[in-house]
Structures are given as C-alpha cells and as structure tokens.
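To keep things clear, I will list the structure first and then write my remarks on it.
The values are calculated or read from the model by the stated rules, or taken from the named source; none is laboratory data. Given the structure is predicted, the values throughout are model-derived calculations rather than measurements. Neighbour counts run over all protein chains shown; Cβ positions are idealised from the backbone, glycine included. Just the protein is used for accessible areas: all its heavy atoms, side chains included, with ligands, DNA and RNA removed. Shrake-Rupley method; radii C 1.70, N 1.55, O 1.52, S 1.80 Å.
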Amino acid sequence: MGSSRRSWFPLAALGFALLVMVVVDLVPDTFEAPQGRPGLGTGGVGGTGLASEQRSVAVAVAVAGVPPARLGWLAGLVCVVLAVAAWYWWQLRPPRPGRFVLGTLGALAAVPLLDLAGALQFRLDADVRGPLLAALGLLVLAAYERSWFLAAVAGVFALVATLFLPPVAGALVAAGVLFAAAFAVLLWPRPDGPATA
C-alpha cells in the first residue's frame, strides 16, 4: 500500500472538492442582475456591458469548438493543490522549504497550462480535461508515495469521472471512489505495526 499513509488527505480533499463543485452546479443562478435596469451589466445606457462581454466569451468558446465546463474543475483543482501542499508541508516539515515552494508553484502553474493544452491541442471537453488533470495529479502522488494502490485509484477515478454522464453523476461517483480509497488507506494495517503515537 505504498510507503506512507499520508495519501488519505489528497484523496479526501479531491473528493470534497468534487462535492463542492456538484453543489455549486446544482444551485440555481438566482443572483443574476435584473434585465433592463441601467448600470447593472445589461449593456444598455449607463451599463457596464457585462452581458455583452459574457456573450462574446461564449461565442469565442463556441468558435473554438470546445464547450465550456459544466463543473468548475480548474478552480477546484487549484484549491486541491493548495490544500495538499499545505498538508504535506505540515506532515513533512521540508528541510529545503525553497524547493518545496517552487514545486508547489510549479504544480499551480501546470494546472491551467495543461488545461489549456488539452483544450487547444486535443479539443477535449472541459469536463473531460478536469478529471484527466486530477488523475495525472494522483499519478504524480502515486509515484511520490511509491504506491500501486494510488495508481490504480487514479485509473479508476479517470474512468468513472469521464465515462459517467452527465458530468455531475460522474463527479459524484468519482467522489465516492476517492472517499472509499481514503478510508482504505487509513484502515490498511501499518507494515511496522500499530502506531504508538
């Protein structure tokens, strides 16, 4: 089961992020600005033109041929990277904090860059790119922890999150997979016996 039991936290953090993304998606858009009132983003006289800007972004996305994400994968993954970095900082107390911070910044920069590459190069749907990025992160974690179990979880997670339709159902099932894996890591017997502290 790998060399460490620390990996339960990244699994649980990604599972919680998926649940938050689903809840945000299911909340209706009741906070939209009323139409026809100047100054509230209607694009009319005195308006800020926010509605027309949103339409132009939607048109640009449609022209590019890549549909927008239903779930907020990019924001969710950035939050998970930050939470996991804080967790490993607390667990490891790195002797070279500069390298740790640079690695964290590199991971944060990689999320939007890989997402952009998936959109432009492979024309992947945003709700496919997100799970694939998350699975890639789990594979990096599996390599770091030297855990075949985490590598298998990454594969199952990617299949479940991308094959279930609609994306909300895939996210819920994938969150269940992650929580089950986190509990398995916590309940797996330690190779050196029970913890004394």
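Quick check: anything in segment 109-130 of a type in the set (K, R), more than 15 Å from the chain's Cα centre (by Cα) and closer than 25 Å to L74 by Cβ? The answer is yes, given that some residue of segment 109-130 is of a type in the set (K, R), more than 15 Å from the chain's Cα centre (by Cα) and closer than 25 Å to L74 by Cβ. Given the criteria open to solvent by less than 30 Å² (accessible area, probe 1.4 Å), under 23 Å from M21 (Cα atoms) and assigned to a helix (DSSP H, G or I), does V128 qualify? Judged against the criteria, V128 is not a match. Of all residue pairs spaced 6 or more apart or on separate chains, those with beta-carbon atoms under 7 Å, a first member in segment 147-166 that is without any contact (Cβ under 8 Å) to a residue 24 or more places away in the chain and within 15 Å of A180 (Cα to Cα) and a second member that is open to solvent by 60 Å² or more (accessible area, probe 1.4 Å) and among the hydrophobic types (A, V, I, L, M, F, W, C) are A151/L139; A154/L139.
Of all residues in segment 144-192, those satisfying the criterion of being aromatic (F, W, Y) and either modelled with pLDDT under 95 or farther than 24 Å from L124 by Cα (or both) are Y144, W148, F149, F164, F179, F183, W188.
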